[in-house]
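Below is one structure, written out as structure tokens; the observations come after it.
Where a number appears in this text, it was derived from the coordinates with a stated rule and is not lab data. Treat the numbers as computed from the prediction; the structure is a model and nothing was measured. Note: ideal-geometry Cβ built from the backbone for every residue, glycine included; neighbour counts use all protein chains shown.
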Amino acid sequence: MDGCSGRFQGLKGSTGDEQFNNPTALAVDALNGWIYVVDQWKHRIKKFDNRLRFLLAWGSQGDRDDQFQTPGDIAIDPAGDWIYVLDKGNQRVQRFGTKGEFSQSWGVQGDGDGEFQAPGTIAIDNSGFIYVGDIESQRVQKFDDRGNPLWEALTAVP
């Protein structure tokens, strides 16, 4: 960070922890001020403090727990305890603690309850329920905080 303007200084495409390669989504933890950024083409999540100082990163490309295949969106639960990452290429949601520790995942490719074709967005309401929008299946699914499907709403295409 440059001390005068407050703007972050870096070289496009460089490999430093602070650098991004297609930052597609971010979420701010309102309780702690931490900023989580989805670095899509590096298949990573990066965590910064509220002054944009790098704190940590986790993830790599793959299909195992705590790996991503094109992560696309991110959300934080209201208590600031869990980070939910929409792992688009693996058609799943992964849950992590605030230090990047893997907790659980759910979802596979399909059209059934808890399954995804092309998940595009994730959001969490004030009660901690998780919503995932699936572009290909034309629906939104609601989950509890452990990934259990509660309902779905189909969207209509005119």
Practice problem: Please turn the phi angles of the range 22-38 into ³J(HN,Hα) values with the Karplus equation 6.51 cos²θ - 1.76 cosθ + 1.60 (θ = phi - 60°), one per residue in order, whole Hz, x for glycine and proline. | Solution: 6, x, 9, 7, 8, 9, 10, 7, 5, 6, 10, x, 6, 10, 10, 10, 7
Quiz item: So what's the net charge close to Ser137: Lys and Arg +1, Asp and Glu -1, counting the other residues with Cβ under 9 Å from its Cβ?
Solution: -4
Practice problem: Using the 2.2 N^0.38 Å rule of thumb for compact globular proteins, work out how the chain stacks up: its C-alpha Rg over that value, please. | Solution: 1.06
Exercise. Return the sequence-ordered ³J(HN,Hα) values of the range 39-50 in whole Hz as given by the Karplus equation 6.51 cos²θ - 1.76 cosθ + 1.60 applied to θ = phi - 60°, using x for Gly and Pro.
Key: 9, 4, 7, 9, 6, 9, 10, 10, 10, 10, 7, 6
Exercise. Could you rank the peptides 55-66, 87-98 by their average count of other C-beta atoms within 10 Å per residue, with the highest value first?
Key: 87-98, 55-66
Quiz prompt | Charge context of Arg64, other residues only, Cβ under 14 angstrom, K/R +1, D/E -1 | solution = -3
Quiz item: Length gain on complete extension for the stretch Ser60 to Ala118, per 0.36 nm per residue less the alpha carbon to alpha carbon distance?
Solution: 18.9 nm
Self-check item: 5 Å-binned pair-distance histogram of the range 67-129 (Cα, whole percent)
Solution: 4, 20, 28, 26, 16, 6, 0
